[in-house]
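The values are calculated or read from the model by the stated rules, or taken from the named source; none is laboratory data. Because the structure is predicted, anything quoted here is derived from the model rather than measured. Positions of Cβ are backbone-derived with ideal geometry, glycine not excepted, and every protein chain shown enters the neighbour counts.
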There are 4 protein chains.
Amino acid sequence: MRRLRMGMIGGGPGSFIGPIHRIAAELDREIELVAGCFSSQSDRSHVAGESYRIDPARAYASLDAMFAGEKARPDGIDFVSIVSPNHHHLPAARAALAAGIPVISDKPATATLAEARELAECVAASGLAYGLTHTYSGYPLVREARARIASGALGAIRKVVVEYPQGWLAGDAVGKQAEWRTDPARSGPGGCIGDIGTHAFQLAEFVTGLNVTALVADLAAVVPGRKVDDDCSVLLRFENGARGVLLASQIEVGEMNGLRIRVYGEKGGLLWKQEVPNTLTIHSLDGRTEIVHAGGTQLGPDAASRTRTPTGHPEGYLEAFANIYRDFAAALRGEPAPLLPGIDDALRGMTFIDTAINASREKSGWVALTV
Amino acid sequence: MRRLRMGMIGGGPGSFIGPIHRIAAELDREIELVAGCFSSQSDRSHVAGESYRIDPARAYASLDAMFAGEKARPDGIDFVSIVSPNHHHLPAARAALAAGIPVISDKPATATLAEARELAECVAASGLAYGLTHTYSGYPLVREARARIASGALGAIRKVVVEYPQGWLAGDAVGKQAEWRTDPARSGPGGCIGDIGTHAFQLAEFVTGLNVTALVADLAAVVPGRKVDDDCSVLLRFENGARGVLLASQIEVGEMNGLRIRVYGEKGGLLWKQEVPNTLTIHSLDGRTEIVHAGGTQLGPDAASRTRTPTGHPEGYLEAFANIYRDFAAALRGEPAPLLPGIDDALRGMTFIDTAINASREKSGWVALTV
Amino acid sequence: MRRLRMGMIGGGPGSFIGPIHRIAAELDREIELVAGCFSSQSDRSHVAGESYRIDPARAYASLDAMFAGEKARPDGIDFVSIVSPNHHHLPAARAALAAGIPVISDKPATATLAEARELAECVAASGLAYGLTHTYSGYPLVREARARIASGALGAIRKVVVEYPQGWLAGDAVGKQAEWRTDPARSGPGGCIGDIGTHAFQLAEFVTGLNVTALVADLAAVVPGRKVDDDCSVLLRFENGARGVLLASQIEVGEMNGLRIRVYGEKGGLLWKQEVPNTLTIHSLDGRTEIVHAGGTQLGPDAASRTRTPTGHPEGYLEAFANIYRDFAAALRGEPAPLLPGIDDALRGMTFIDTAINASREKSGWVALTV
Amino acid sequence: MRRLRMGMIGGGPGSFIGPIHRIAAELDREIELVAGCFSSQSDRSHVAGESYRIDPARAYASLDAMFAGEKARPDGIDFVSIVSPNHHHLPAARAALAAGIPVISDKPATATLAEARELAECVAASGLAYGLTHTYSGYPLVREARARIASGALGAIRKVVVEYPQGWLAGDAVGKQAEWRTDPARSGPGGCIGDIGTHAFQLAEFVTGLNVTALVADLAAVVPGRKVDDDCSVLLRFENGARGVLLASQIEVGEMNGLRIRVYGEKGGLLWKQEVPNTLTIHSLDGRTEIVHAGGTQLGPDAASRTRTPTGHPEGYLEAFANIYRDFAAALRGEPAPLLPGIDDALRGMTFIDTAINASREKSGWVALTV
């Protein structure tokens, strides 16, 4: 079985997420990075191509050039991975899909809700695969949590608390990553809510299997002069009536990448934390607390099939990311990939951003979240 | 220096908190339990008196009898401790103060806000000491957190997240403790918000030194048939503009007594958890994380003076509770006790309960919290 | 039921452990401190008596005076608690027992093995109760661990690792506590091995119900000029053939009071740590890990009866200490107290110290430990 | 810069460590797996080659065939990675080196000390690079620990405690991994001491920069019928007089891969745990405790250069393993690779195994460890 060939869009010099996508895509040897339009500046694209150690001839400076060049080769790319800032997501995806090339994209799916709707139309019209890298839903124990809830282990869900604290934007935004994420022209109207709030939102829906239907939001630009939100507190209501709380912040000094989720049902509760991702804590109504270990014998197939090492050999962020790419590779091969985040997550996430921003601005109480 | 003599009100057979107050009051040998009106039933009061090993003649069945009996003795009580369910708090405190006896009371201060206002008038009129056992503000490292924030170590405060998860009321309310706490006639209109939400509220204001000025609240009676709230999510605004989140729940299966607080400022952040109370985590903007240990050399006087053992010898809930009683004893002796929760905390806490219940019922957006 | 009356021996000004014993003894109101020979200097004994708030007339400056004075009172002491440095233990205990007064003593039981043997004879001759405050065996979850092992939950025990790291003597010995503990004239020939190694040794035997029968020891005086050991590594063999490791150190910078024990059997393993004493981790051969909580519903009677607060309300060192005193009070009342450490633990502990010191000095291999 | 081309020796169907080496080698795209002698059975080697998705023509069934086939290609292998059971290590390495091909090998280096000495001669004679995959020394925070100790941050080292608890061999040895590791014909005379004890030994020497010079060992075959040791307790002495303890076990039920190390010096102490590898705890003599985070700003170059993600995005075992391959790739390119474990570690590790086995068998006391 040959490796699928990936072309990258974005990921030029100074990119954080480009090299991450490369490692994740290739980790299981189902995919190989072979080409890229890493930058619209030819020299920068070539420098990036060298750093990825690809054939210099396949480091392009325009999407058209890449699509044409790759089409002309017997070993041309099978799909593109979009890793550029948000405002490039729609144009890049639209062009690729129009060229008949499947797409996997970093999140959030687009810069605005309107763009997401257009993207959904493009995907539907193309009939091609579309994946969205909500990395955290790739962690084995997140999938175990989802499977246990789906099996009824917690009973009906009553309460969800999902948090995503970071502190790296507590000071002035310095450096490439900070600059574009705090610039509405590139990130879209959402700052923190788009960058990490959507991860928390997707995780909550992914783990519970329940849709959010309403919210109250308090978004703030805490750092003086900041043009987008950097701190978000949102109360949620789920489709079954369960209550929820979603907190995301980038100004909480000392927090690193503290995504975590707690879910409580009639019969039990569970807890997972991204920074120590290889344990899942499960509580029962009778007072028992069980620790479930990644790689261990207590796991169902969704988690077991996405673990590469035995218990006690920690896997982390890159491996979780690789699991998303494995799902996408399966989808490209025409296999089932029910856990791959896709265009539905894209639309729901962008609707969440849009709804939360509006609700916060108007200081309204509860508002419906309708996709 | 003689021990101060305490009379207990409430704390009869089956009481959880009565014996806790007894241990806490006596731990440092500044106070001695000598009398009590443990129950309005004479036989039950005597049974309780025996369990506390006090003089049988001093186990009374009415407040009047206790006040009269103790007044007649040369070694009569110096103060009363009120540990009965909420609806008894005001009548008991009013009577004691009217009899010229200082009061320390379990929280919340009263069953309703109106009662709290009456209580405040009684306290003011009496000129006597009044203490409120917000136990958690007695932990040494909570006081260290307060001191560090007051000293400016975190810079201006921007964000506060205070949580108080419990799970013990996730099923039907069974047993004396659960029954009265879920009965509005005894607990007042607030369930979870009064029982533990007020602790979280007081802790947030105590640690930051900032008052809450507005809130959005989502209170729910999750368990079918429950007559008071058992799950509370509240967004906060503090007087300096800082944002806050207060979560309290009694239906989160597996959570025990998980009070915890995180505070973030311009220059740093800190974290404290009640269940592992002997460490305080402090983050700096430069990426440093420091662990501060109870009993250690890094502590200021507020914490150091309220620790009895060297580092690594864990103190816990009873010792924190005892610290409140030490403060109260100091107040009775006419010494400064600036950290003792008192009638201001009582009024603020009851206002918080009342405001949150109303805001949630009306599904309003932001409402002011005005004492 | 009246409170038992305690006289303290030692615990004068500057004592760390005297006030600890006072709190522990009185915590459950079964015992009351009423007298003491806190120092052989009259003024110092009186200062101490004031700090404990006892009747000044009952602060004595000699054992004879205390025994005579208390005998003459209708409310004289029921027992003595010996909290002085090690070299005073035997003389004090011998005198008390000769005067017909039961004894509870801090550990190690005596300064030397020869003294311990004499003590054992005194206890036997007196027919009186003798308790030894191996505090850590008072923790509820230590007792739960013992009960589970005794019930066969782990199968036959194969391996025990018990560690007691501290760092407070990593520098020069400064202060009253450090000085006498590093002075062989007061501490006996053992330093670390006697001060904390015996705790670890007792804990291992207590939890497993197995006696140590042989050892290899490596004891060192690491800090230049130190006259007693401050770092101890010992390999153990138990009576059933199980292997063990006992580590104790007072020069491990940053370690506070890190006593912990792990026990592994054919069918399971368990872990307990003194610094977070309210959880016990239990592993099964099938890969399950369970967390058992103090105060929770999973506990057997030995643990449940020695817990004062519900889950999540941490109890600590003082409460564990109080459990030893509750056992001793039961013994004084003629009730069964099977878990109270006594003269057997005294002899075994002193034999352990003696055997380890000799084995280490001679750099021998395995030597038998025979009481 | 082209990728280096790797040929694998071993790693056939059912191998655990073969796929791990493949991922680790390729993670940073400096190396590519292109060939392999995965099994001496042709069909099995081809099945493995397919699973690795390499060119079927490059899945060989003998070393001679691989060396000849690859030499004949313009894009032949640059080095071999030996991942077979221990008894194959020497023959494979000897053959590769004789064929002029550099070697990286799984540990322990050989099955016996005599073999290790022969290997050292082969390496010296060849003048080629030799790497030994002591994975754990590849963790960024292990390198940070080493760097801080080397810089004198802890002062002179006094004490080292290194532990490697596992539980997977507590029952009967079932499955390919367990079978060969407990068969002296394939593993060599050491079981646990060779499989994981050597990791602990190498880690202790790597982190402290100090050689072990003497030891006392207690090795046991705890599981009935086991032919090699499965539980090891070793006391150590380092070249500067520091004391040490090395514990390794494979029968500690519930332990997963719990390698951890604590080092204490005159001025500080540190702690690192493999299962939560992204924090390093550092204690100072003045009572301060600092948590150092992988990816954070407090790291020196050795750690910072071997981290791929920002703080809070956990890296784990595979990334640590990849760091060893990066060092090896650097060595192949003629660059400095001072932290790459090599033939010295091989000799020291095999000497440790041999010395410990003999010392334990003879129940001797202290014996010298001399390479």
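Points worth noting:
So that you can scan it fast, the table gives a plain yes or no per residue for (1) closer than 30 Å to residue C:1 by Cα; (2) not in a loop (DSSP other than H, G, I, E, B):
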| residue | (1), (2) |
| --- | --- |
| C:320 | yes, yes |
| C:326 | yes, yes |
| C:335 | yes, no |
| C:341 | yes, no |
| C:360 | no, yes |
| C:365 | no, no |
| C:370 | no, no |
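- Residue satisfying condition, being within 14 Å of chain C (Cβ to nearest Cβ) and on the phi < 0 side of the Ramachandran plot, within set D:150, D:145, D:185: D:145
- Each residue in region A:3-54 was checked for being of a type in the set (A, V, I, L, M, F, W, C) and within 25 Å of residue D:52 (Cα to Cα), and 13 pass.
- In region A:46-62, the residues that are closer than 15 Å to residue A:20 by Cα and away from chain D (no Cβ under 14 Å) never reach a residue that is outside any loop (DSSP other than H, G, I, E, B) and among the hydroxyl-bearing types (Ser, Thr, Tyr) with C-beta atoms less than 6 angstrom apart, at least six apart or across chains.
- Among the residues of region B:321-370, those identified as closer than 22 Å to residue B:216 by Cβ, more than 14 Å from every other protein chain (Cβ to nearest Cβ) and touching a Phe, Trp or Tyr at 6+ places or on another chain (Cβ under 9 Å) are B:348, B:349, B:352, B:353, B:369.
- Qualifying positions in region D:205-229 - part of a helix (DSSP H, G or I), surrounded by 23 or more Cβ atoms within 10 Å (Cβ to Cβ) and among the hydrophobic types (A, V, I, L, M, F, W, C): D:207
- Residue match in region B:22-39 (condition: away from every other protein chain (no Cβ under 14 Å), farther than 25 Å from residue C:23 by Cα and either without any contact (Cβ under 8 Å) to a residue 40 or more places away in the chain or buried (at least 21 other Cβ atoms within 10 Å of the Cβ) (or both)): yes
- Complete set of residues in region D:356-371 that are at pLDDT 95 or above, surrounded by fewer than 22 Cβ atoms within 10 Å (Cβ to Cβ) and of a type in the set (Val, Ile, Thr): D:367, D:370
- As a summary of the residue check, residue D:262 satisfies the conditions (1) in contact (Cβ under 8 Å) with a residue 40 or more places away in the chain; (2) charged (D, E, K, R); (3) under 17 Å from residue D:203 (Cβ atoms); (4) in a loop (DSSP other than H, G, I, E, B) except for the one numbered (4).
- Taking each residue of region C:335-353 that is among the hydroxyl-bearing types (Ser, Thr, Tyr) and looking for partners that are part of a helix (DSSP H, G or I) and surrounded by 18 or more Cβ atoms within 10 Å (Cβ to Cβ) with beta-carbon atoms closer than 9 Å, six or more apart or interchain, yields C:351/C:113; C:351/C:116.
- Residue within region A:63-78 that is in contact with a helix residue (DSSP H, G or I) (Cβ under 6 Å, 6 or more places away or on another chain) and in contact (Cβ under 8 Å) with a residue 60 or more places away in the chain present: yes
Quick grid of which residues meet (1) assigned by TED's automatic domain parsing to the domain that holds residue C:119; (2) farther than 29 Å from residue C:196 by Cα; (3) aliphatic (A, V, I, L, M):
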| residue | (1), (2), (3) |
| --- | --- |
| C:33 | yes, no, yes |
| C:44 | yes, no, no |
| C:47 | yes, yes, yes |
| C:61 | yes, yes, yes |
| C:73 | yes, yes, no |
| C:77 | yes, yes, yes |
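- Tally, over region A:10-32, of residues that are farther than 14 Å from residue D:32 by Cα and basic (Lys, Arg): 1
- Among residues of region D:127-137, those that are surrounded by fewer than 22 Cβ atoms within 10 Å (Cβ to Cβ) and either assigned to a helix (DSSP H, G or I) or out of contact with any Phe, Trp or Tyr (no Cβ under 9 Å at 6 or more places or on another chain) (or both), counted: 1
- Residues (away from chain C (no Cβ under 14 Å) and either farther than 28 Å from residue A:135 by Cβ or free of Cβ contacts under 8 Å to residues at least 12 places away in the same chain (or both)) located in region D:273-300: D:276, D:297, D:298, D:300
- Members of region A:302-318 found to be assigned to a loop (DSSP other than H, G, I, E, B) and either facing chain D (nearest Cβ under 9 Å) or surrounded by 21 or more Cβ atoms within 10 Å (Cβ to Cβ) (or both), listed by number: A:306, A:307, A:308, A:309, A:310, A:311, A:312, A:313, A:314, A:315, A:316
- Residue within region D:240-252 that is over 24 Å from residue D:264 (Cβ atoms) and under 21 Å from the mean Cα position of the chain (by Cα) present: yes
- For region B:279-301, filtering for residues that are outside any loop (DSSP other than H, G, I, E, B) and either touching a strand residue (DSSP E or B) at 6+ places or on another chain (Cβ under 7 Å) or crowded, with 19+ Cβ neighbours inside 10 Å (or both) leaves 11.
- Selection status of residue A:20, closer than 14 Å to residue A:79 by Cβ, touching a helix residue (DSSP H, G or I) at 6+ places or on another chain (Cβ under 8 Å) and not assigned by TED's automatic domain parsing to the domain that holds residue A:186: no
- Being without any contact (Cβ under 8 Å) to a residue 40 or more places away in the chain and more than 23 Å from residue A:5 (Cβ to Cβ) is not true of residue D:15.
- Some residue of region D:13-21 being away from chain A (no Cβ under 13 Å) and aromatic (Phe, Trp, Tyr): no
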